[in-house]
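Asker: Below you will find the structure I want to go over with you.
The values are calculated or read from the model by the stated rules, or taken from the named source; none is laboratory data. Predicted model only: the values in this text are computed from it and were never measured. Glycine also receives a Cβ, built like all others from the backbone with ideal geometry; neighbour counts cover every protein chain displayed.
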Amino acid sequence: MRHVLQRLVRGLFRRLFRVELRGWEHYPHDEPRLLIIANHVSYLDGALLAAFLPELPIFVINTQMARRWWVKPFIAITRHISIDPTNSHYLKTLIQHLRAGERVTVFPEGRISVTGALMKIYEGPALAADKADAALLPVYIEGAQYSLLSRLGGMVRRQWFPRIRLTMLPPRRLTSHATNSRARRRELSRQLDERMVELAYAGMSIDQPLIMALLEAWERHGGSRIIIEDVQQQRLGWRTLFRRAFILAEWLEPACASQHQIGLLLPNAASAVIALLALHLRGRVPVLLNFTAGSHELISACHTAEVHTVCTSRALVDAASLQTQVAALSEQVEVLFLEDLQPRATLPVKLRGLARALAPGWNFRRLAGSVQADDPAVILFTSGSEREPKGVVLTHRNLLANIAQARAVLDIMPSDVILNALPLFHAFGLTTATLTPLLLGTRLILYPSPLHYHVIPELSYERRATVLFGTNTFLMGYGHHADPYDFFSLRLVIMGAEPLHDETRRLWADKFGIRISEGYGLTEASPVLATNSRRHHRSGTVGKLVPGIEHDLEPVAGIAEGGLLCVRGANVMAGYLLPGQPGNLMPPRTERGPGWHDTGDIVRIDDDGFVTILGRAKRFAKLGGEMISLARVEQLAASCWPEAHQVALNLPDPVKGEQIVLLTTRRDADRQELISAAHQAGLSALYLPQRVLTVREIPQLGSGKPDYRGIRRLAEAALCSSPPCASAK
């Protein structure tokens, strides 16, 4: 009778919720002891698993939940264990059923999610599986959180019958080599948590074009909900966004008909997102150009990416004083100003845009042709902080994989209001701070410049922003200029692109009561590789590696703990485009084989999985046979002069081969203070810079990173014009 009822419910779910099963071939029919774990997003979850699992399991149900009247009909027709999590004996009951060869299903979060993301993971299932020698079978439920039976009312657009996807990963046993029970318990708990995070990542769909993923978000959240705002007072929902993108795509078609890569030189505004989508709707690849770069860098980028047409706006050119750069650029490529395309917005064009937005998926496939997940989606350029910028080709799968990785570890909710002032030509600003919010259905506020330290805190206060993205430099600027109440609504501040200084961390904690979540990434990784989160946070580190990343630490001579980080994953780029070699894609590869990327960073990973960046491989000086981290020298200087900015460089020395030179904005910098600080910190004299140069400001790139090429030129010029141990103003 139960099997007949199971088939009936399964058929009903398939018809109503269009349930998609992925990875169901991993179900282990011959596994003697099996513990099924799943995320918990709605009251439908148990019924879904009971309907689609090949064998009807025993469900672990909270005693309080089991008493509710509307739950009793379900548990009456299923096998269940009613437990009280506050009673330590419940684990014994669970272990007994597993040892008896039962299939048992449990939700490790212990409650239905009220964020839409993973919540706290209890250690009980890990301990029970270990004691019973049971395999863990993870199942991820995606879509049920948008049903009327979720607990996200008021946060998301709930529907009667949303599309649901059930993803199963291969079974795996938890293992621990710890000798004492406490350490073993901790290790097993960590492994269960990591398995749940991997499951959350695997449950996302990344094998599709970016446009189709955005259309899924439209379906989930509704076409009229406002998703983008900017300082031009544009407030766009999904339907308006796609309508304008279809119109712009038609405007651009005459000038771009025979081209594949199109340059975009646009500010952080809704128009940039519209232009990005417009190019995708015609199967073209946006090349996002850095409007803070000089003429040489812009022309080099266009040659490298084989760009013959660049779209920009007169408003940006006037506001950022780019007349010289655009004039030089126009001698090499065709420059289109979006304002000049307005006359093409005839009534027929507008009507066609409106009609195409009524069936966007069908029109995308018709106009763009066959776009695959592994096709290029965007071309960005490395910061060029140390050498000529290289083109980085990111595919649709790269972008969607990194978005899925960020969603798995960051509890960004559909009800959030996200403030992003980071430029879209930077991977952090594009993928993490723009595309991730769009796919989550959150409201995104775009601001054109992160340098307006007075304006952004006021904007956060006015719009009640809940999530802010930034770099250490920008966050320090906001912190100094903001009123203590400007960030009253912020619950999450995510920082990357450069190391978080202790002074910045203390400032935000003391003034605003906010803990900054520091992360780490590379343009080549789309960009996020690791991040702290509200679930896992350790100051002084960049958090844990995101799921879906394989990593290897290559030994480095002179580095006792840690090594050179190499990574491989679905978010790692398709390859480089090198200056002087246009059209020649160089896929990532190391000695470990194809697909592996050498990050150039030396890191340490502790037993709990937290990553500490020791420094760039190129930012170590070899003195006295030891490898000296320039980042550690900068930390030493920051402890002496926390209000100043400083950068350490290794420059040639005619006697010792190398010397460390420190540039600082501290006016009365005294090397003796560094000597005292090094002595207190227990650092050897090798960490002391041979020269301390005072400068008015540290050169920076538009992304907020130090401009090491400019800094090196500044240091060399200062050394030539000053005697030893002097300061250069």
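Asker: Here are some conditions: (1) under 24 Å from Lys705 (Cβ atoms); (2) crowded, with 20+ Cβ neighbours inside 10 Å. Arg407 meets all but one. Which one does it not meet?
Answerer: In the conditions (1) under 24 Å from Lys705 (Cβ atoms); (2) crowded, with 20+ Cβ neighbours inside 10 Å, Arg407 misses (1) alone.
Asker: Among what's in region 534-573 and is closer than 25 Å to Leu686 by Cα and of a type in the set (Asp, Glu), pick the residue that is modelled with the lowest pLDDT.
Answerer: Looking at the filtered set, the residue picked out is Glu561.
Asker: Out of Ser489, Ser517, report the one residue that is among the polar types (S, T, N, Q) and part of a strand (DSSP E or B).
Answerer: Ser517
Asker: Just one of (1) surrounded by 14 or more Cβ atoms within 10 Å (Cβ to Cβ); (2) assigned by TED's automatic domain parsing to the domain that holds Lys705; (3) out of contact with any Pro (no Cβ under 8 Å at 6 or more places or on another chain); (4) within 28 Å of Ser539 (Cβ to Cβ) trips up Ala631, so point out which.
Answerer: Ala631 satisfies all of (1) surrounded by 14 or more Cβ atoms within 10 Å (Cβ to Cβ); (2) assigned by TED's automatic domain parsing to the domain that holds Lys705; (3) out of contact with any Pro (no Cβ under 8 Å at 6 or more places or on another chain); (4) within 28 Å of Ser539 (Cβ to Cβ) except (3).
Asker: Being assigned to a helix (DSSP H, G or I) and among the small types (Gly, Ala, Ser) is the filter here; which residues of region 244-287 pass it?
Answerer: Ala245, Ala249, Ala255, Ala270, Ser271, Ala272, Ala275, Ala278
Asker: Let me ask you something else. Quick one: count up the residues across region 515-536 that are of a type outside the set (D, E, K, R) and farther than 24 Å from Leu430 by Cα.
Answerer: Adding up the residues that qualify gives 1.
Asker: The conditions are (1) surrounded by fewer than 18 Cβ atoms within 10 Å (Cβ to Cβ); (2) over 25 Å from Glu498 (Cβ atoms); (3) of a type outside the set (Lys, Arg); (4) in contact with a Gly (Cβ under 8 Å, 6 or more places away or on another chain), and Leu553 fails exactly one of them. Which is it?
Answerer: Here Leu553 meets the rest and fails (2).
Asker: Looking only at residues that are out of contact with any Phe, Trp or Tyr (no Cβ under 7 Å at 6 or more places or on another chain) and part of a helix (DSSP H, G or I) in region 222-243, which one is surrounded by the fewest Cβ atoms within 10 Å (Cβ to Cβ)?
Answerer: Per the criteria, the residue is Arg239.
Asker: Which of the residues spanning region 322-370 are within 19 Å of Trp218 (Cα to Cα) and of a type in the set (A, V, I, L, M)?
Answerer: The answer is Leu354, Ala355, Ala357, Leu358, Ala359.
Asker: Condition first: at positive phi and modelled with pLDDT under 85. Now tell me which residues in region 80-119 satisfy that.
Answerer: If the condition is that a residue be at positive phi and modelled with pLDDT under 85, then Gly110, Gly116 are the ones that fit.
Asker: Moving on to the next point. Go through region 1-53 and report how many residues are touching a residue at least 40 places away in the same chain (Cβ under 8 Å) and not in a helix (DSSP H, G or I).
Answerer: Number satisfying all stated conditions: 23.
Asker: Identify, by number, the condition in (1) surrounded by fewer than 18 Cβ atoms within 10 Å (Cβ to Cβ); (2) of a type in the set (A, V, I, L, M, F, W, C); (3) free of Cβ contacts under 8 Å to residues at least 60 places away in the same chain that Ile262 doesn't meet.
Answerer: Ile262 satisfies every listed condition except (1).
Asker: Also: Right, Cys302: farther than 27 Å from Arg239 by Cα and of a type outside the set (A, V, I, L, M) or not?
Answerer: yes
Asker: Follow-up question, since we're still on this one. When you go through (1) modelled with pLDDT of 70 or more; (2) surrounded by fewer than 21 Cβ atoms within 10 Å (Cβ to Cβ); (3) among the β-branched types (Val, Ile, Thr); (4) over 19 Å from Val9 (Cβ atoms) one by one for Ile58, which number turns out not to apply?
Answerer: Only one criterion in (1) modelled with pLDDT of 70 or more; (2) surrounded by fewer than 21 Cβ atoms within 10 Å (Cβ to Cβ); (3) among the β-branched types (Val, Ile, Thr); (4) over 19 Å from Val9 (Cβ atoms) is unmet by Ile58, namely (4).
Asker: Checking the condition among the polar types (S, T, N, Q), in contact (Cβ under 8 Å) with a residue 40 or more places away in the chain and either on the phi > 0 side of the Ramachandran plot or in contact with a strand residue (DSSP E or B) (Cβ under 8 Å, 6 or more places away or on another chain) (or both), which residue from Thr473, Thr504 passes?
Answerer: Thr473
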